[in-house]
Amino acid sequence: MIHTLTLAELSAKLAAREVSAVEVTQAYLDRISAHDGEVGAFLTVASESALQDASRAQERLDRGEGGALTGIPIAFKDNISTDGIETTCASKILKGYIPPYDATVVERLKAQDAVVIGKTNLDEFAMGASTETSAYQLTRNPWDLTRTPGGSSGGSTAAVTARLVPVAIGSDTGGSIRQPASLCGIVGFKPTYGRCSRYGLVAFGSSLDQIGPLAQTVEDAAILSEAITGHDFRDSTSLPHPAISTSELKNGSLKGLRLALPKEMLGEGTQPGVRAVFESALENLRREGVIIDEVSIPSIALGVTTYYIIAPAEASSNLGRFDGVRFGPRSEGKGHIGVVERTRADGFGHEVKSRIMIGTYALSAGYYDAYYVRAQQVRALMVQEFNRVYQGYDFVVSPTSPVTAFRLGDLDGDPLAMKLLDFCTIPANMGGMPGISINAGFSEGLPVGLQLLGAPLRDEALLQSAFAAEKALGLATAPPNFA
């Protein structure tokens with residue numbers, strides 16, 4: 001069946017004319033119609049334009065043209081601008097906003113004749129770790145529909161997990177690709193900061209945000225990464241480097257690979273089941289010849305605290321543009337200030353408001369040096385400590401998430417516990433490092449992720465080793481109800 005195939009397998013069948021692009025897109029639209037009512041992954045399904053995209057893709061295939069992504073349906077997190085398709089960031093303040101342009105990643109995928117099938121749910125403005133702060137709907141974990149898929153890219157992750165789409169695009173500010181990938185048992189990859197253009201991504205934390213793929217396999221994630229990365233003159237933070245290459249992806253070996261395991265990333269907050277699965281996966285890798293040593297990176301303990309100063313500070317600046325004048329609906333108020341106050345009060349949810357207030361406070365006169373400057377100093381220290389580790393090791397390894405998927409609503413009254421879920425993923429964003437999560441196994445029927453982090457610009461080597469590790473662990477699978 002079409003939905004059981006990976007991106008690479010689908011691409012091969014499309015190129016061989018064993019199936020048409022229209023048939024593939026229709027099959028996924030039928031899957032969405034049949035199952036998304038219970039999963040809640042999509043905010044917008046672009047059925048009509050998707051079939052038109054598929055028809056154009058088939059014309060290229062019929063001419064013997066096209067590439068790995070021609071005719072492949074792709075879903076986009078709803079904080080990525082799509083020309084002619086509503087982009088809400090799962091917030092009431094952007095309800096009805098239709099961008100007049102495509103984000104660079106969308107533009108590049110369209111240029112390769114990929115099919116834009118729809119926009120997926122997220123935590124409002126990507127602020128959250130469970131996709132529960134969306135203003136529109138809950139998204140559920142396909143492994144257990146009473147549980148969260150993680151966040152903030154929960155919609156994209158759930159869509160791939162339930163095979164409603166072969167691959168999807170998310171964004172990662174503090175772990176928002178890798179953490180949900182872990183909780184749903186798929187692959188989530190965050191490239192080096194600057195290797196994938198942020199043009200058209202609605203900004204949350206500009207020094208932390210990075211777009212990346214969510215996929216069933218490392219190979220699929222690598223194919224998508226090659227398509228969306230590379231320099232973009234429209235993004236001032238874009239690195240002058242070529243796209244990520246997949247040419248050596250399958251040529252790696254685990255024998256002699258050196259991994260550093262920071263003891264701070266396997267602490268008391270790690271669930272016993274997660275620890276057991278993770279340690280079993282490490283033993284499997286050791287049998288393949290991987291060398292794994294415990295190290296100490298003390299600044300990791302300060303990562304969450306530091307992140308929740310820097311990210312809200314940047315958010316308070318970035319979200320200042322939402323005033324009811326230029327985007328989305330406008331509330332009535334007394335004078336211009338009254339309109340802006342009422343629009344923001346009505347349009348932003350609680351989590352977004354709280355982060356804006358925290359960030360504004362941290363940047364205010366008298367507190368800037370005490371909070372924001374100190375946080376940036378800790379960030380610099382973390383970068384130095386990781387760089388020292390990378391001098392003796394290929395990659396850092398850890399659990400992706402200290403817990404498996406928790407029940408929806410369980411952490412509503414404990415915002416600190418929710419924020420601590422990003423403990424292992426935040427360092428990659430603080431240091432601009434590439435990071436990937438692959439499935440390590442299952443604890444009581446729920447997926448557990450294994451994370452690999454690399455030095456900046458070692459994306460190709462990281463993907464190569466993750467591909468070899470995935471092959472050794474052999475755990476890519478779909479939830480029984482969606483297989």
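Taking the criterion of being in contact (Cβ under 8 Å) with a residue 60 or more places away in the chain, assigned to a loop (DSSP other than H, G, I, E, B) and not hydroxyl-bearing (Ser, Thr, Tyr), the residues of segment 240-266 that qualify are His241, Ile244, Glu248, Gly252, Leu254, Leu257, Leu266.
Given the residues Gly273, Gly269, which is the only one that is touching a residue at least 24 places away in the same chain (Cβ under 8 Å), in a loop (DSSP other than H, G, I, E, B) and either farther than 30 Å from Ala469 by Cβ or not basic (Lys, Arg) (or both)? Unique residue meeting the criteria: Gly269.
The residue that is surrounded by the fewest Cβ atoms within 10 Å (Cβ to Cβ), counting only those in segment 430-440 that are over 21 Å from Phe278 (Cβ atoms) and in contact with a Ser or Thr (Cβ under 9 Å, 6 or more places away or on another chain), is Gly432.
Considering only residues of segment 447-476 that are within 21 Å of Phe278 (Cβ to Cβ) and over 19 Å from the mean Cα position of the chain (by Cα), which is modelled with the lowest pLDDT?
Among those residues, the one meeting the criterion is Leu475.
Tell me whether segment 92-103 contains one or more residues that are without any contact (Cβ under 8 Å) to a residue 40 or more places away in the chain, more than 21 Å from Gly37 (Cβ to Cβ) and either in contact with a strand residue (DSSP E or B) (Cβ under 6 Å, 6 or more places away or on another chain) or surrounded by fewer than 23 Cβ atoms within 10 Å (Cβ to Cβ) (or both). The answer is yes; a qualifying residue exists.
Which residues, counting only those in segment 68-91, are assigned to a strand (DSSP E or B), within 20 Å of the chain's Cα centre (by Cα) and either surrounded by fewer than 24 Cβ atoms within 10 Å (Cβ to Cβ) or polar (S, T, N, Q) (or both)?
Hit for segment 68-91 is Thr82, nothing else.
Answer yes or no as to whether Leu381 is farther than 21 Å from Ser176 by Cβ and hydrophobic (A, V, I, L, M, F, W, C). Criteria met by Leu381. Taking segment 137-153 as the range and being of a type outside the set (A, V, I, L, M) and not in a strand (DSSP E or B) as the test, the residues that pass are Gln137, Thr139, Arg140, Pro142, Trp143, Thr146, Thr148, Pro149, Gly150, Gly151, Ser152, Ser153. Looking across segment 415-432 at every residue that is in contact with a Pro (Cβ under 8 Å, 6 or more places away or on another chain) and of a type in the set (A, V, I, L, M, F, W, C), the one that is farthest from Val304 (Cα to Cα) is identified as Ala428. All of (1) within 19 Å of Pro456 (Cα to Cα); (2) part of a helix (DSSP H, G or I); (3) of a type outside the set (D, E, K, R) hold for Ile223 with one exception: (1).
Each row is one residue, and each column tells you yes or no for (1) touching a residue at least 40 places away in the same chain (Cβ under 8 Å); (2) under 30 Å from Lys92 (Cα atoms); (3) within 29 Å of the chain's Cα centre (by Cα).
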residue	(1), (2), (3)
Arg326	no, yes, yes
Val339	no, yes, no
His350	yes, yes, yes
Lys353	no, yes, yes
Ala375	yes, no, yes
Leu381	yes, no, yes
Phe386	yes, no, yes
Val389	yes, no, yes
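Within segment 280-323, the residues that satisfy the criterion of being touching a residue at least 40 places away in the same chain (Cβ under 8 Å), in a helix (DSSP H, G or I), touching a strand residue (DSSP E or B) at 6+ places or on another chain (Cβ under 7 Å) and surrounded by fewer than 21 Cβ atoms within 10 Å (Cβ to Cβ) are Ser280, Leu282. When Gly413 is tested against (1) of a type in the set (Gly, Ala, Ser); (2) free of Cβ contacts under 8 Å to residues at least 24 places away in the same chain; (3) in contact with a Gly (Cβ under 6 Å, 6 or more places away or on another chain), just one condition goes unmet, and that condition is (3). Considering every residue within segment 462-473, establish whether at least one is touching a Gly at 6+ places or on another chain (Cβ under 6 Å), surrounded by fewer than 18 Cβ atoms within 10 Å (Cβ to Cβ) and either touching a residue at least 12 places away in the same chain (Cβ under 8 Å) or part of a loop (DSSP other than H, G, I, E, B) (or both). There is no residue in segment 462-473 that is touching a Gly at 6+ places or on another chain (Cβ under 6 Å), surrounded by fewer than 18 Cβ atoms within 10 Å (Cβ to Cβ) and either touching a residue at least 12 places away in the same chain (Cβ under 8 Å) or part of a loop (DSSP other than H, G, I, E, B) (or both). Checking the condition in contact (Cβ under 8 Å) with a residue 40 or more places away in the chain, buried (at least 24 other Cβ atoms within 10 Å of the Cβ), polar (S, T, N, Q) and outside any strand (DSSP E or B), which residue from Ser171, Ser156 passes? Exactly one of Ser171, Ser156 is in contact (Cβ under 8 Å) with a residue 40 or more places away in the chain, buried (at least 24 other Cβ atoms within 10 Å of the Cβ), polar (S, T, N, Q) and outside any strand (DSSP E or B), namely Ser156. Considering only residues in segment 174-193 that are assigned to a loop (DSSP other than H, G, I, E, B) and among the polar types (S, T, N, Q), the one that is surrounded by the most Cβ atoms within 10 Å (Cβ to Cβ) turns out to be Ser176. No other residue among Leu43, Leu7, Leu14 is out of contact with any Asp or Glu (no Cβ under 7 Å at 6 or more places or on another chain) and either touching a residue at least 40 places away in the same chain (Cβ under 8 Å) or surrounded by fewer than 15 Cβ atoms within 10 Å (Cβ to Cβ) (or both) apart from Leu14. Just so you know, in segment 201-220 the residues that are outside any loop (DSSP other than H, G, I, E, B) and of a type in the set (Asp, Glu) include one that is surrounded by the fewest Cβ atoms within 10 Å (Cβ to Cβ), and it is Glu219. Count of segment 77-92 residues, restricted to those that are at negative phi and touching a Leu at 6+ places or on another chain (Cβ under 9 Å), is 8. Scanning segment 414-429 for residues that are surrounded by fewer than 24 Cβ atoms within 10 Å (Cβ to Cβ) and among the charged types (D, E, K, R) gives Asp414, Lys419.
Just one of the listed residues (Gly328, Gly338, Gly392) is out of contact with any Phe, Trp or Tyr (no Cβ under 8 Å at 6 or more places or on another chain), modelled with pLDDT under 95 and not hydrophobic (A, V, I, L, M, F, W, C), and it is Gly338.
The values are calculated or read from the model by the stated rules, or taken from the named source; none is laboratory data. Worth saying up front: this structure is predicted, and the values here are computed from it rather than measured. Quick reminder, even Gly has a Cβ in these numbers, built from the backbone with ideal geometry, and neighbours come from all protein chains shown.
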